[in-house]
Amino acid sequence: MIFATENISQILDELVQFRADHPDITPVSKNDALLDLDRDTYELVNGLGNVSCTTARIDGRLVGCAIFMVFPMLHYKDKLLAECVLSFMAEEVDDYSAAYAKLIKAAEKTLKECGAFKVIYNVRKTYEGPINFASLGYQNIETVYEEVLQY
């Protein structure tokens, strides 16, 4: 498996196709379940340098991805925050849990190189997927409440 930093603009179609081909994949956050990508906004934030995309490929085929929005922390302007907006690993990958953990670590390396101070994953309370974030050094620091205002 090869991990690489890729331009999000060049893999959007692959992402949509991957999710269509893997409808039962366990999303880390409930927002990962369906994709209705806003390509214009992705192009905009990517052009500003605010997107980090780390992929996992086997024989050139996309099998995993971790996408982060990277931006200055509002209360600490000299610090960059990286928030995961989408992550997945194909369940058919050998040693799925370990592969997913390696993807996260590869993404962290890239984020650290671009100057990110902190990484945030918003994880569903009911998440029972392959990643034990605590074992990777993450701390459960807050509870996020959500209310859908429009459908």
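Some values worked out for this structure:
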| quantity | calculated |
| --- | --- |
| Count of residues meeting criterion [hydroxyl-bearing (Ser, Thr, Tyr) and either farther than 12 Å from residue 11 by Cα or at pLDDT below 85 (or both)] in segment 43-84 | 2 |
| Any pair with Cβ under 8 angstrom, 6 or more apart, that starts in segment 102-115 at a residue that is free of Cβ contacts under 8 Å to residues at least 40 places away in the same chain and ends at one that is assigned to a helix (DSSP H, G or I) and surrounded by fewer than 20 Cβ atoms within 10 Å (Cβ to Cβ) | 104/136; 105/136 |
| Residue, surrounded by the fewest Cβ atoms within 10 Å (Cβ to Cβ), within segment 135-151, restricted to residues that are farther than 25 Å from residue 97 by Cα and aromatic (Phe, Trp, Tyr) | 151 |
| Residue list for segment 77-113, filter: in a loop (DSSP other than H, G, I, E, B) and loosely packed, with under 14 Cβ neighbours inside 10 Å | 92, 94, 95 |
| Among (1) touching a strand residue (DSSP E or B) at 6+ places or on another chain (Cβ under 6 Å); (2) modelled with pLDDT under 90; (3) assigned to a helix (DSSP H, G or I) - the single one residue 16 does not satisfy | (1) |
| Candidate set from segment 19-38 (those that are within 24 Å of residue 80 (Cβ to Cβ) and either surrounded by 12 or more Cβ atoms within 10 Å (Cβ to Cβ) or in contact with a Phe, Trp or Tyr (Cβ under 6 Å, 6 or more places away or on another chain) (or both)); member that is modelled with the highest pLDDT | 37 |
| Residue in segment 41-50 that is touching a helix residue (DSSP H, G or I) at 6+ places or on another chain (Cβ under 8 Å), surrounded by 17 or more Cβ atoms within 10 Å (Cβ to Cβ) and not β-branched (Val, Ile, Thr) present | yes |
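Okay, residues lined up against (1) among the polar types (S, T, N, Q); (2) farther than 25 Å from residue 55 by Cα; (3) in contact with a strand residue (DSSP E or B) (Cβ under 7 Å, 6 or more places away or on another chain):
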position	(1), (2), (3)
76	no, yes, no
83	no, no, yes
88	no, no, yes
93	no, no, yes
104	no, no, yes
112	no, no, no
137	no, no, no
142	no, yes, no
149	no, yes, no
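The values are calculated or read from the model by the stated rules, or taken from the named source; none is laboratory data. All values reported here derive from a predicted model rather than from experimental measurement. Cβ atoms come from the backbone with ideal geometry, glycine included; neighbour counts cover every protein chain shown.
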